[in-house]
Amino acid sequence: MIIKTETPKHQLSANDLGSLGLEDMAYVKMVTVDGQKLHAIHAADGTPLTVVAERDLAFATVLQHEMQPASVH
């Protein structure tokens with residue numbers, strides 16, 4: 001059996017490939033601030049966005065901004 005493959009018409013650089021989904025995802029991570037357990041929301045590239053009290057609120061905030069939340073442990 002012979003499988004013919006085509007050369008891609010558009011090639012992504014390593015940098016372009018690494019940035020796929022940056023605008024579509026946000027990460028939620030539990031953090032401790034002044035002895036309180038809170039939930040930090042970070043952009044996919046690690047940029048801190050905000051901190052909220054409840055995990056459910058963190059996920060709802062991410063979804064409200066049309067992004068997909070991902071939990072970080």
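Rule-based calculations on the coordinates, nothing more; no lab input. It should be emphasised that the depicted structure is a prediction, and the values quoted were computed from it without experimental measurement. Here the Cβ is made from the backbone with ideal geometry for all residues, glycine too, and neighbour counts use every protein chain on show.
Quick notes
- Residue 26 long-range amide H proximity, modeled H, under 5 Å: 68, 70
- Environment charge of residue 25, counting only residues whose C-beta is closer than 14 Å and scoring Lys/Arg +1, Asp/Glu -1: -3
- Additional length obtainable on full extension of the chain from residue 11 to residue 60, 0.36 nm per residue less Cα span: 14.1 nm
- The string of couplings for region 58-73 from the Karplus curve (6.51, -1.76, 1.60, θ = phi - 60°) is 4, 5, 5, 5, 4, 5, 4, 9, 6, 10, 9, x, 9, 8, 10, 9 Hz, one whole number per residue in order, with x for Gly and Pro.
- Full extension of the chain segment joining residue 29 with residue 53 gains 7.5 nm, where the gain is 0.36 nm per residue of separation less the Cα-Cα distance.
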